[in-house]
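Visitor: Before I ask anything, let me first share the structure, which is written out below as structure tokens.
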Amino acid sequence: TDWIFALYVQPSTCEEALCNEQDEVIEDDMFTLRRENEVNPCRRPRELPEWFLDDSVNKHTMLNFTVEGLEDVLFKFEVQILNGLYLSSEFFFEEIATVSKTYPKRSNDTIGQYNREERLISPLIAKDQYLVPTKYSWLVWYQREIGINEIDYPLNLPDRFDALEKGRVNVDFNVSAEHFEEYLINGEAEVMNVLDQNIDTSESYWTLDYDQDSGESRHYYVRKYRENYIEWFDESNDKLEEEEVTFSLQYFPYFSNCYTFGSRIPVYGLTENEHCELPDPVADCDPEYNDNPYNCYPREGWDRRDYDALVHVDDVKPVDPYLTMFGYPIADWCTLRLRCNYEEDLAQKAVNPRWFEAGEEDTLFHIWYEPLSEDFYAQGGQYLRQLNDDDPDHMLAVTIGERDVAGDYSCTTLCYPRTVTLRFEYYQITQRTKRLINAEVSLADFDRDDTETYYDLYFEMEPLGWLDLVINFAFEMEVFLLLYCIIGIITIAFASTHWALQRIFTTLKNPPKFRYFAYLKLTVPPIVTGVLMGLMPISVILFFLFVLIKGDTLVTSAISTVEDVTGNDVSLNRRMLAEEDDSSACGYSFDCVGESYEDFEKVDVTRIDAVRTGRIVSVMFCCSLYLVFLGARLFIPTRVSKRELDIQEARNGAITKKYEIWIPTTWKRSNFIMWSLIMVVICVIGVEFSLSPYFGGALLELIAVFQLVSMVFDIIFGMGLREALLMGPVMTTFGLWVGIVTLGADDFLDFVLCYFIETSIGL
């Protein structure tokens, strides 16, 4: 080798073999734990990717390196001449490189704003710590449990700990998009098919392997390497999470070995790519005759084509929830194609399905719906876990939306898609801010040729219009309150029209007058009184039991809070429960009591929330069961007739013995309770079914089925109860259940349609 490329990064910390003035190797002091051989910044260059180092790669051309900083860094790229015979060629290497600096800026664009958020740069870069603008990007959340239980690990996981000792940067060697297109035009062979050195995902990757006899702790190594790909299991006892560790990533897992990017594709590298284009026109759609002309958007003459794919911030027109009803935004729209190569050994089966073998609805990773700053990224997966615990609806699961196998249903393993589509749908809130609504991956064009490693990655990013945002529940609560009011007005108008038609076409000579307020005066007071009388005592009891089991959460101002090992804020006495060896130390109330009859120990600190929730559910179940028995007594009161008194007074004879065994009131109540519990079990099973992915897709058909089932239940429960009064509460429970499961609709449109269908059937 006559010359090499060398990449130096600061800050970096690595150990060097240093010598003192007597040429003796300096050794670490084992008593003071002082690291004499640690050098900062590191004097050795960062390792370059295998894509560059491989002998088959042509290095006599334009070379394209990507350096992605995981923190504030300074880097220096050098050409080092190793053979002295070539020192005279030094001037050939002058002014041969161009450095382009890119960063995320369009998901939350703060450029040019006088009040934009700023942060202090790292003191490891500049001791004076000047202010720099805060940058925002969508962050990916990857969980190890997905790799253990569902989909095999991605091969582009990040380096950890000492693998980044020479600088916390990801280095990729890649082929530019222009170079790739040139090769396609010329019909030449692939220009990049060298697999990078993949991360070893064995147990050693997930655990911090270090010399425990050295006296140092995991805290030391976390601080030394400024590691953020960690989660503390118990920070006070120096224990890291290993089984359920999660990562906060700025790039997409799984999609790697792609032209333009290499092993890692940053999220903003796709969403803000300069090669983004608008969709190609279609010829089989006429906006003049189409029910929804916007479905013809790729057509020539589409007004969106007056702007670039990535719109200038001054030309962006966001969606206003009140002023742009049924309108569409002018915002970034991107379609992009990349040629990639599988890094997996295609011919070798894996224990878990690989990402391209995953089934529909399988989750690959998650992404937070709003762009987050670098400070939140530095907090790692533990911060994203906390966001998910607090608001799981906004942690978007990136799933396999469609797996088009073209009828070959045996195409599950050892079957490779050649077309992979990653689709983003977002909400343009203001001219400068976006919010991600949906994200999914589709697979198509499968074959079984394991000798071909290529596939085409298509990226599609589309801004949603007002109606689509409503359908996806993307607006704030106030917007939907207004929509519900409008729907209520429409319902009243619909019912009024129905009443008017009945009034006009009635066959009665003297139809009754419309006495709406008299009807309310007659019916509302008893209903309100009954509801309050029944609700107040139950509410008091449930509140008392909640305070008894989980009361410390209501007094946050009186109890100091610390960070729990799972990332949740919990009271200090829970930490005492985890740290104290004394069995008498308790967190709160029943936390000293084991979670089962076989468990005599106090509740594990990591399971306190789950155990408390289970106990509250048990309390609610007992109260509900009591209410069923109480309802039976209310609907079937004890009636003591003269005949029954005579029987009780006689206390002899065959008839007395008969009525001692068969007491009509008791048997009638027992029968009512039995049929009530049967209906409860049916409704619970139905609620569980409503949470499945199969329910929302067929909701309209299921509503019709529920009406038929209601008629069948009327017959079956009528035969069992044999009294119309007792049928009321049981069938009312089924009606309430139908209303509740309607909330399981996939989108707002299905929910509204189900509502009007049920209203029409009721009328």
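The values are calculated or read from the model by the stated rules, or taken from the named source; none is laboratory data. Quick caveat, the model's predicted, so the values are computed rather than measured. With ideal geometry, Cβ positions are generated from the backbone for all residues, glycine too; neighbour counts draw on all protein chains shown. What goes into the accessible areas is simple: the full protein's heavy atoms, side chains included, and nothing from ligands, DNA or RNA. Shrake-Rupley method; radii C 1.70, N 1.55, O 1.52, S 1.80 Å.
Visitor: Step by step: find N for the stretch 228-279, compute 2.2 N^0.38 Å, then divide the Cα radius of gyration by it. What's the final number?
Guide: Details: Rg = 16.8 Å, N = 52, 2.2 N^0.38 = 9.9 Å.
For the stretch 228-279, the normalised Cα radius of gyration comes out at 1.70.
Visitor: Within the stretch 434-449, name every residue whose backbone N is under 15 Å away from a label modeled 7 Å from Cα of residue 460 along the Cβ vector.
Guide: Only 438-445 fall inside the zone, counting backbone N under 15 Å.
Visitor: Using a basic spin-label model with each label point 7 Å from the Cα along Cα→Cβ, how many nm lie between residue 678 and residue 397?
Guide: 3.5 nm
Visitor: Suppose R0 equals 41 Å; then what is the FRET efficiency for residue 493 and residue 538 from their Cβ-Cβ distance, rounded to the nearest 0.05?
Guide: Computed FRET efficiency for residue 493 and residue 538: 0.65.
Visitor: So if each residue of separation counts as 0.36 nm, and I subtract the Cα-Cα distance between residue 207 and residue 117, what length gain in nm does that give?
Guide: 28.7 nm
Visitor: Between residue 502 and residue 413, what FRET efficiency follows from the Cβ-Cβ distance if R0 is 56 Å, with the result rounded to 0.05? All intermediate terms of the calculation are to be shown ahead of the outcome.
Guide: Values: r = 62 Å, r/R0 = 1.11.
FRET efficiency, residue 502 to residue 413: 0.35.
Visitor: Taking 0.36 nm per residue of sequence separation and subtracting the Cα-Cα distance, how much length would be gained by fully extending the chain between residue 3 and residue 548, in nm to one decimal?
Guide: Contour length minus Cα-Cα distance gives 188.8 nm.
Visitor: With each pseudo-label sitting 7 Å past Cα toward Cβ, what's the residue 610-residue 509 distance in nm, one decimal?
Guide: 7.5 nm
Visitor: Could you sort 372, 53 by their accessible area in this structure, using a 1.4 Å probe and putting the largest first?
Guide: 53, 372
Visitor: Going by the alpha-carbon gyration tensor, a ≥ b ≥ c the square roots of its eigenvalues, is the stretch 294-435 rounded (a/c under 1.5) or, if a/c is not under 1.5, prolate (a/b greater than b/c) versus oblate?
Guide: It comes out oblate by the Cα gyration axes.
Visitor: Additional query: How high is the FRET efficiency between residue 373 and residue 81 when r is their beta carbon distance and R₀ equals 41 Å, given to the nearest 0.05? Mind showing how you got there, number by number?
Guide: On the way: r = 42 Å, r/R0 = 1.03.
Working from the Cβ atoms, E equals 0.45.
Visitor: Shape of the stretch 352-507 from its Cα gyration tensor (a ≥ b ≥ c, root eigenvalues): rounded if a/c is under 1.5, otherwise prolate when a/b > b/c, or oblate? Working shown, then result.
Guide: Values: a/c = 2.98, a/b = 1.59, b/c = 1.87.
It is oblate, given that a/c is not under 1.5 and a/b is not larger than b/c.
Visitor: When the chain is fully extended, how far beyond the present Cα-Cα distance does residue 38 get from residue 749, taking 0.36 nm per residue of separation?
Guide: Between residue 38 and residue 749, full extension yields 249.7 nm more.
Visitor: Still on this structure, please answer the following. State, to one decimal in nm, how far the label point of residue 719 lies from the label point of residue 390, with both points 7 Å from Cα in the Cβ direction.
Guide: That separation, rounded to one decimal, is 5.6 nm.
Visitor: Further question: Might you tell me the accessible area per residue for the stretch 480-536, computed with a 1.4 Å probe and given in Å²?
Guide: Dividing the accessible area of the stretch 480-536 by its residue count gives 88 Å².
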